[in-house]
């Protein structure tokens with residue numbers, strides 16, 4: 001089920017999920033940048049392309065560098081194996097230099 005359809009079928013649930021996300025991703029002991037780097041690495045291990053795109057972009061917007069994303073993906077790869085980072089070319093987008 002897509003989030004779009006879920007929002008149509010159960011808008012109160014989607015509102016609750018958005019409140020939860022805002023609470024989890026607010027500044028705290030970990031910065032938003034650090035939280036988004038963690039989320040991007042977890043997205044890679046889960047092989048969730050939509051999640052990766054969302055949290056990869058959010059990490060960059062929060063000030064993460066592509067080198068930091070690469071290191072986060074390397075941690076994911078260490079824990080899960082190479083399959084954590086070789087399943088999607090989208091990962092390349094987040095670690096390639098903009099030249």
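The values are calculated or read from the model by the stated rules, or taken from the named source; none is laboratory data. This structure is a prediction, so every number in the text was calculated from the model and none was measured. Virtual Cβ from ideal backbone geometry, glycine too; neighbours counted across all protein chains shown.
The table below lists the values:
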{"read-out": "Residues of segment 87-97 satisfying the condition of being more than 12 Å from residue 52 (Cα to Cα) and either at pLDDT 85 or above or surrounded by 14 or more Cβ atoms within 10 Å (Cβ to Cβ) (or both)", "value": "95, 96"}
{"read-out": "Entirely in segment 1-79, the helices (runs of 4 or more DSSP H) that have 1 or more residues that are surrounded by 17 or more Cβ atoms within 10 Å (Cβ to Cβ) and within 9 Å of the chain's Cα centre (by Cα)", "value": "32-46, 49-61"}
{"read-out": "Flag for residue 44 being touching a residue at least 40 places away in the same chain (Cβ under 8 Å) and either closer than 17 Å to residue 90 by Cβ or in contact with a strand residue (DSSP E or B) (Cβ under 7 Å, 6 or more places away or on another chain) (or both)", "value": "yes"}
